[in-house]
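Engineer: Mind looking over this structure? Questions follow.
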Amino acid sequence: MLEVPEKVLVTEAAIAEKVRELGARITRDYAGRSPVLIGVLKGSFVFLADLVRAIDLPVTVEFLGVQSYGDATESSGVVRITLDLARPVAGRDVLIVEDIIDTGLTCRYLFEQIEARGPSSLKMCALLHKPARTRVPVQIDYLGFTIPDEFVVGYGLDAAQKYRNLKDLRVLES
Ligand code: IMP
């Protein structure tokens, strides 16, 4: 059995409602276009799976693997690509889908990397943002929830690779 942290920060129902809202906004904003959603692995895989089903457009999906933490809960500040995109995104409307913006370093790095590949537009969607810890300016075009400076797990987010399968977002007490 998986031992689950007790404190729920965002319930399954609240996440589902927010994903519906974000999907509806993206559907409106990209009407007549077919954006490519880039899921940033691994943390965004659950969010992305729900988000694409809330979007009523001919979207395509790609994945990009990055690692910035190792197995620690503090960002090392060094981001590296562990899995590159399988297809070019030049001339496409690209929406990056992130689980959480913490220091903002991963987000900034991804923006630079994707921008250099010549998309026709580039926007960022993140489920969570921890503004208290953000060190570099980031533009989040579609945001789920602003959260306090706590380490959260569940709904795709992990601590040392665990807890990704929780249905809600919980606080990992240290
Ligand atoms: P950043 O580069 O510091 O913004 O970190 C972004 C990445 O760190 C996210 O995509 C997550 O994988 C991870 N991360 C940051 N905060 C948390 C958290 O509270 N729980 C789980 N992962 C986190």
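Engineer: From the set of residues in region 141-157 that are aliphatic (A, V, I, L, M) and within 11 Å of the ligand (Cβ to nearest atom), which is nearest to the chain's Cα centre (by Cα)? Quick ask: steps written out before the conclusion?
Structural biologist: Of region 141-157, the ones aliphatic (A, V, I, L, M) are 143, 147, 152-153, 157.
Still in the running and within 11 Å of the ligand (Cβ to nearest atom): 147, 152-153, 157.
Numbers: I147: 14, V152: 13, V153: 13, L157: 9 Å.
Taking the candidates together, the pick is L157.
Engineer: For R87, indicate whether it is within 12 Å of the ligand (Cβ to nearest atom) and among the basic types (K, R). Lay out the reasoning, then the answer.
Structural biologist: On the way: within 12 Å of the ligand (Cβ to nearest atom): no; among the basic types (K, R): yes.
Spelling it out, it is not the case that R87 is within 12 Å of the ligand (Cβ to nearest atom) and among the basic types (K, R).
Engineer: Can you confirm whether A160 is at positive phi, modelled with pLDDT under 95 and within 12 Å of the ligand (Cβ to nearest atom)? Please lay out each step first, then the result.
Structural biologist: Working: at positive phi: yes; modelled with pLDDT under 95: yes; within 12 Å of the ligand (Cβ to nearest atom): yes.
So A160 fits the description; yes.
Engineer: Ok, one more. Given the criterion within 23 Å of E12 (Cβ to Cβ) and out of contact with any Gly (no Cβ under 8 Å at 6 or more places or on another chain), identify the matching residue among A86, A159, A116, A132. Lay out the reasoning, then the answer.
Structural biologist: Details: A86 fails: within 23 Å of E12 (Cβ to Cβ); A116 fails: within 23 Å of E12 (Cβ to Cβ); A132 fails: within 23 Å of E12 (Cβ to Cβ).
The conditions single out A159.
Engineer: Filter region 93-122 down to the residues that are of a type in the set (D, E, K, R) and more than 15 Å from the chain's Cα centre (by Cα), then identify the one that is surrounded by the fewest Cβ atoms within 10 Å (Cβ to Cβ). Write out each step before concluding.
Structural biologist: Taking region 93-122 and keeping what is of a type in the set (D, E, K, R), we get 93, 98-99, 102, 108, 112, 115, 117.
Imposing the further condition that a residue be more than 15 Å from the chain's Cα centre (by Cα) reduces the set to 93, 112, 115, 117.
Details: D93: 19, E112: 9, E115: 11, R117: 14.
The qualifying residue surrounded by the fewest Cβ atoms within 10 Å (Cβ to Cβ) is E112.
Engineer: Taking I55 and the conditions (1) in a loop (DSSP other than H, G, I, E, B); (2) touching a residue at least 12 places away in the same chain (Cβ under 8 Å); (3) out of contact with any Gly (no Cβ under 7 Å at 6 or more places or on another chain), which numbered condition does it fall short on, given that it satisfies the others?
Structural biologist: Only one criterion in (1) in a loop (DSSP other than H, G, I, E, B); (2) touching a residue at least 12 places away in the same chain (Cβ under 8 Å); (3) out of contact with any Gly (no Cβ under 7 Å at 6 or more places or on another chain) is unmet by I55, namely (3).
Engineer: Does E115 fit the bill of being charged (D, E, K, R), more than 13 Å from the ligand (Cβ to nearest atom) and free of Cβ contacts under 8 Å to residues at least 12 places away in the same chain?
Structural biologist: Yes; evaluated as a whole, the condition is true for this residue.
Engineer: Output yes when any residue across region 100-108 is under 18 Å from V79 (Cβ atoms) and away from the ligand (no atom under 11 Å from the Cβ), and no when none is. Write out each step before concluding.
Structural biologist: Of region 100-108, the ones under 18 Å from V79 (Cβ atoms) are 100-108.
Then drop every residue that is not away from the ligand (no atom under 11 Å from the Cβ), which leaves none.
Within region 100-108, none of the residues are under 18 Å from V79 (Cβ atoms) and away from the ligand (no atom under 11 Å from the Cβ).
Engineer: Next up: Please work out which one of (1) more than 10 Å from the ligand (Cβ to nearest atom); (2) within 12 Å of the chain's Cα centre (by Cα); (3) farther than 17 Å from V46 by Cβ is the condition C125 fails and give its number.
Structural biologist: With (1) more than 10 Å from the ligand (Cβ to nearest atom); (2) within 12 Å of the chain's Cα centre (by Cα); (3) farther than 17 Å from V46 by Cβ applied to C125, the lone miss is (3).
The values are calculated or read from the model by the stated rules, or taken from the named source; none is laboratory data. All values reported here derive from a predicted model rather than from experimental measurement. So basically every Cβ, Gly included, is an ideal-geometry build from the backbone, and we count neighbours across all protein chains shown.
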